[in-house]
Amino acid sequence: MGERGLSGKVIYLDNAATSFPKPKEVWDAVLNYACSIGANPGRSGHRLSVEAARLVFNCRRALAELLGVSACDRIIFTKNATEAANVVIRGLLEGVGGGNVVATCLEHNAVARPLKYWCRREDIELRVVSCSPSGEVNPKKVLEAVDESTIAVFVNHASNVFGTVTPFEDIAAFVSVPVVVDATQTLGSYPFSVGDFSNVIVVFTGHKGLLGPQGTGGFYIPEGIELDPLIRGGTGSNSESDEQPSFLPDRFESGTLNVHGIAGLLAGIRWIKSRGIENIRKHELELACLFVEAVSSVKGVDVYASGDWSRRIGVVSLNVRGRDPGVVSHILDSEYGIATRAGLHCAPWAHRALGTYPVGTVRFSFGPFNTESDVEEAVRAVKNIGEGANGC
Ligand SMILES: Cc1ncc(COP(=O)(O)O)c(C=O)c1O
C-alpha cells in the first residue's frame with residue numbers, strides 16, 4: 001500500500017463511496033494510454049491523437065450500450081456525477097422563474113444542493129417526496145406531486161444510504177417533463193436501461209459500480225432536450241467561430257478530457273460486461289443479504305434494510321444503539337481492519353426521513369471483489385461492538 005499507516009489487511013466495505021480494488025485491467029489500460037498513446041483526442045491529426053479519439057469514442061459507445069441508447073454523442077463526459085448533476089440542473093432551471101420541481105427524499109447532495117440553490121434563485125417550489133420507514137419511495141407518491149407547473153422530476157435510482165431502488169420507469173412513463181435519474185449507485189451493479197423513454201436524463205459516475213478511476217463521470221441527454229453548457233471553450237471543432245458548437249458532445253466538453261480516466265473507465269465497463277451485470281448484482285446482493293441476516297439478530301443493533309430484496313443494491317446501513325456511528329466506524333477500522341463509512345453519506349434528507357439525522361449511520365457497501373469471509377469478519381466485528389455497547 002505504500003503510504004504511511006496503510007499496512008495490514010483491510011477488508012474494504014466502502015464500495016458505495018468508490019469501488020476498490022479496481023480490476024487490474026483498469027490500471028493496465030490507464031498505463032497503456034499514458035505510455036503508448038498519450039495524445040490529446042480531437043485536436044491534432046497524427047495517429048496518436050486519432051487513437052486517443054478512438055479510445056474516447058469507444059468509451060462513449062460502451063456507455064451508450066450500457067444505458068440502452070443508440071446515440072453515443074449524447075453521452076457527455078464530466079469529472080464526476082456531481083458536475084454532471086450541476087450541468088443538468090442549471091440547464092433545466094436557469095431563467096425559468098416559477099413552477100415546481102419534484103424530487104425524492106433519497107437525493108444525494110450532488111443533486112439536492114444545486115436543486116435548492118436554483119429553486120431559491122428562480123423562485124421554484126421544491127417538492128420533496130418522502131419514503132417508507134425502510135427507505136422505499138412509492139412512484140405513485142412522486143406522480144401525485146407532479147402537476148401542470150412541474151418543470152422536472154428528480155429520482156435517485158438507488159439510495160446510497162439504504163440501498164433501495166426507486167423504479168424510475170414507473171414515473172417516466174406517466175410524465176412528459178424531463179425525469180433526471182441519478183444512476184450513480186446502480187450503473188454497473190444493477191440492470192439499467194433508458195429504453196424508449198425520450199424524457200429520461202441520466203447522471204452517472206465512473207468510479208463506483210463502473211469500476212473506473214476517480215475523476216470520471218457524465219450524463220446522457222435525450223434528443224429534444226436542449227441545455228446550456230456550464231463552461232465554454234476550446235473543443236477542437238468549429239474553431240473559426242467565437243460561439244460554442246451547438247452539436248453534442250462538443251457543446252458540453254470544452255477543454256482536454258480526462259483521457260487517462262476514460263481509458264480506465266472503458267476497461268472497467270468491459271470487465272463488467274465480461275462478468276455480466278446480473279452476476280455482479282447477485283454476488284453483491286448475496287453478501288449484503290448474508291450480512292443483514294446475521295447482524296439483525298445482534299442485540300442493540302438497528303439494521304435499516306427491510307423490504308423487497310429484488311429492489312435493492314448491496315448497501316446496508318446500521319447503528320449500534322448508544323454509540324456514535326463515527327466511533328463505530330473508527331473501531332471497525334482500527335481494531336478490525338474493516339473500512340466502512342459513517343455519518344450522513346451526503347444524503348441528509350434520507351436521514352431526516354428515517355429518523356437517523358443528524359448522526360447518520362454506519363454504511364457497509366459490498367463490491368464485486370468482496371467475499372463471504374469478508375462478511376463473516378464484519379459480522380463478528382459488529383457483534384463484538386454491539387455486545388460491548390450493550391454490556392453483554
Ligand atoms: C447517489 C449518489 N449521487 C451522486 C454522488 C456523487 O458522485 P461523484 O462523487 O461522482 O460526484 C454519489 C456519491 O456518493 C451518490 O452516492
Exercise for review: May I ask you to say which residue of ALA339, ALA353 is within 16 Å of the ligand (Cβ to nearest atom) and either of a type in the set (Ser, Thr, Tyr) or touching a Cys at 6+ places or on another chain (Cβ under 9 Å) (or both)?
Suggested key: ALA353
Practice item. Filter the stretch 72-97 for residues that are among the charged types (D, E, K, R) and within 17 Å of GLU125 (Cβ to Cβ) and give the result. Key: GLU94
Practice item. Read through the list (1) at pLDDT below 95; (2) within 16 Å of the ligand (Cβ to nearest atom); (3) touching a Gly at 6+ places or on another chain (Cβ under 7 Å), then give the number of the only condition that ILE313 fails. Key: (1)
**Study point:** Hey, ASN199 assigned by TED's automatic domain parsing to the domain that holds GLY97 and buried (at least 24 other Cβ atoms within 10 Å of the Cβ) or not
**Key:** no
Check your understanding: Counting only residues that are assigned to a loop (DSSP other than H, G, I, E, B) and within 21 Å of LEU354 (Cα to Cα), which one in the stretch 99-128 is farthest from the ligand (Cβ to nearest atom)?
Key -> CYS105
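Table: residues versus (1) crowded, with 17+ Cβ neighbours inside 10 Å; (2) in the same structural domain as ASN156 (by TED's automatic domain parsing); (3) among the charged types (D, E, K, R).
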{"residue": "TYR190", "(1), (2), (3)": "yes, yes, no"}
{"residue": "GLY224", "(1), (2), (3)": "no, yes, no"}
{"residue": "LEU230", "(1), (2), (3)": "no, yes, no"}
{"residue": "ASN238", "(1), (2), (3)": "no, yes, no"}
{"residue": "ARG251", "(1), (2), (3)": "yes, yes, yes"}
{"residue": "ASN258", "(1), (2), (3)": "yes, yes, no"}
{"residue": "GLY264", "(1), (2), (3)": "yes, yes, no"}
{"residue": "ARG270", "(1), (2), (3)": "yes, yes, yes"}
Exercise for review: Test SER159 against the stated conditions and say whether it is touching a helix residue (DSSP H, G or I) at 6+ places or on another chain (Cβ under 8 Å), assigned by TED's automatic domain parsing to the domain that holds GLY97, under 15 Å from ALA112 (Cα atoms) and surrounded by fewer than 21 Cβ atoms within 10 Å (Cβ to Cβ).
Suggested key: no
Check your understanding: Just to be sure, is ARG54 within 15 Å of the ligand (Cβ to nearest atom), assigned by TED's automatic domain parsing to the domain that holds ILE221 and surrounded by fewer than 21 Cβ atoms within 10 Å (Cβ to Cβ)?
Key -> no
Exercise for review: Those residues that are away from the ligand (no atom under 16 Å from the Cβ) and closer than 17 Å to GLU278 by Cβ, I need them from the stretch 168-194; list them, please.
Suggested key: PRO191, SER193
Review point. Does at least one position in the stretch 85-94 carry a residue that is farther than 18 Å from PHE204 by Cβ, in contact (Cβ under 8 Å) with a residue 24 or more places away in the chain, assigned by TED's automatic domain parsing to the domain that holds ALA39 and not charged (D, E, K, R)?
Key: yes
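The values are calculated or read from the model by the stated rules, or taken from the named source; none is laboratory data. As the structure is a prediction and not an experimental result, all values here were calculated from the model. Cβ coordinates were reconstructed from backbone atoms using ideal geometry, including for glycine residues, and neighbour counts include every protein chain displayed.
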